[in-house]
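The values are calculated or read from the model by the stated rules, or taken from the named source; none is laboratory data. This is a predicted model, so every value here is computed, not measured. Glycine also receives a Cβ, built like all others from the backbone with ideal geometry; neighbour counts cover every protein chain displayed.
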Amino acid sequence: MRVVLLGPPGAGKGTQALKIAKEFDIPHISTGDIFRQNLRDNTELGKLAKEYMDKGLLVPDEVTNRIVEDRLQKEDCQKGFLLDGYPRNIPQAEELDKFLEERGHSLTAVINIQVEREALIDRITGRRVCPVCGATYHIKTSPPKVDNVCDKCGSELIQRSDDKLESVVKRLEVYEKETKPLIDYYTRKDILVNIDGNKSIDEVFEDIKKALLGDRRNDIH
Ligand code: ADP
Ligand code: AMP
């Protein structure tokens, strides 16, 4: 199963990705997570990505495409994968198609999580993440048991530097201009599934599961 999770920042892609990856036993590949890990490890890639991330801009395609292609060639992706936050514009989507086609593969489904703009701003500005294990919380809708402490590993939670209101507005603008056209792109390929992301985390997951199991019955790849 080769799946892309599409949706604006804050739609719940990362939250759902963890659950989908576990349920279907496929690796979860988040370009944002890869950039943040590099930033923590103080690599050249991390330093370069930070310049774009803090401004709410996309990291250049040639850098991002190379990282994803390297990752997709790892052994664990042979059984399938779940891409979260990639592709994020038409050139990335075309590159991904080309990469898969060259290997005789194609995407099984693109799950498009839809949430209204007002809710997105609340979700992103209230998001808190664990810098150690990557768990995601929300100060109102899914707070940790102990204030600001990760339930899973006990580390202190942080707010992502690009989750402050100034960057969020820019990121939503970039989404509208660059990422939203992917909805048409994948609709034309007849692999887009729209999911109502305004429901609870568990309900959204159930809807995604149903969509993927439906698709899997026809999955000839
Ligand atoms: P994305 O990866 O799409 O940017 P996240 O999965 O990080 O989004 O979710 C953004 C924020 O919204 C997080 O704080 C998360 O806890 C919260 N969240 C995710 N899904 C839901 C939901 N269905 N209802 C309410 N809050 C949610
Ligand atoms: P995310 O964790 O998906 O919200 O991504 C955080 C930031 O990482 C984005 O605002 C971009 O700066 C960068 N990023 C993540 N994925 C991509 C991508 N596919 N192409 C370019 N930049 C990306």
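Results, tabulated for the structure shown:
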quantity: Among the candidates Lys22, Lys74, residue that is within 23 Å of Cys130 (Cβ to Cβ) and either free of Cβ contacts under 8 Å to residues at least 60 places away in the same chain or within 11 Å of ligand 2 (Cβ to nearest atom) (or both); calculated: Lys22
quantity: Residue in the range 25-45 that is nearest to ligand 1 (Cβ to nearest atom), counting only those that are over 23 Å from Leu182 (Cα atoms) and surrounded by fewer than 17 Cβ atoms within 10 Å (Cβ to Cβ); calculated: Gln37
quantity: Whichever residue in the range 3-23 is part of a helix (DSSP H, G or I) and within 6 Å of ligand 1 (Cβ to nearest atom) and, among such residues, is farthest from Gly80 (Cα to Cα); calculated: Thr15
quantity: Selection within the range 105-147 - more than 11 Å from ligand 1 (Cβ to nearest atom), of a type in the set (S, T, N, Q) and under 14 Å from Arg160 (Cα atoms); calculated: none
quantity: Residues (closer than 21 Å to Gly10 by Cα, in contact (Cβ under 8 Å) with a residue 24 or more places away in the chain and within 16 Å of the chain's Cα centre (by Cα)) located in the range 37-71; calculated: Met53, Gly56, Leu57, Leu58, Val59, Thr64
quantity: Residues located in the range 53-90, provided they are charged (D, E, K, R) and not in a loop (DSSP other than H, G, I, E, B); calculated: Asp61, Glu62, Arg66, Glu69, Asp70, Arg71, Glu75, Asp76, Lys79, Asp84
quantity: Any hit, the range 101-118, residues being polar (S, T, N, Q), at pLDDT 95 or above and over 19 Å from Gly7 (Cα atoms); calculated: yes
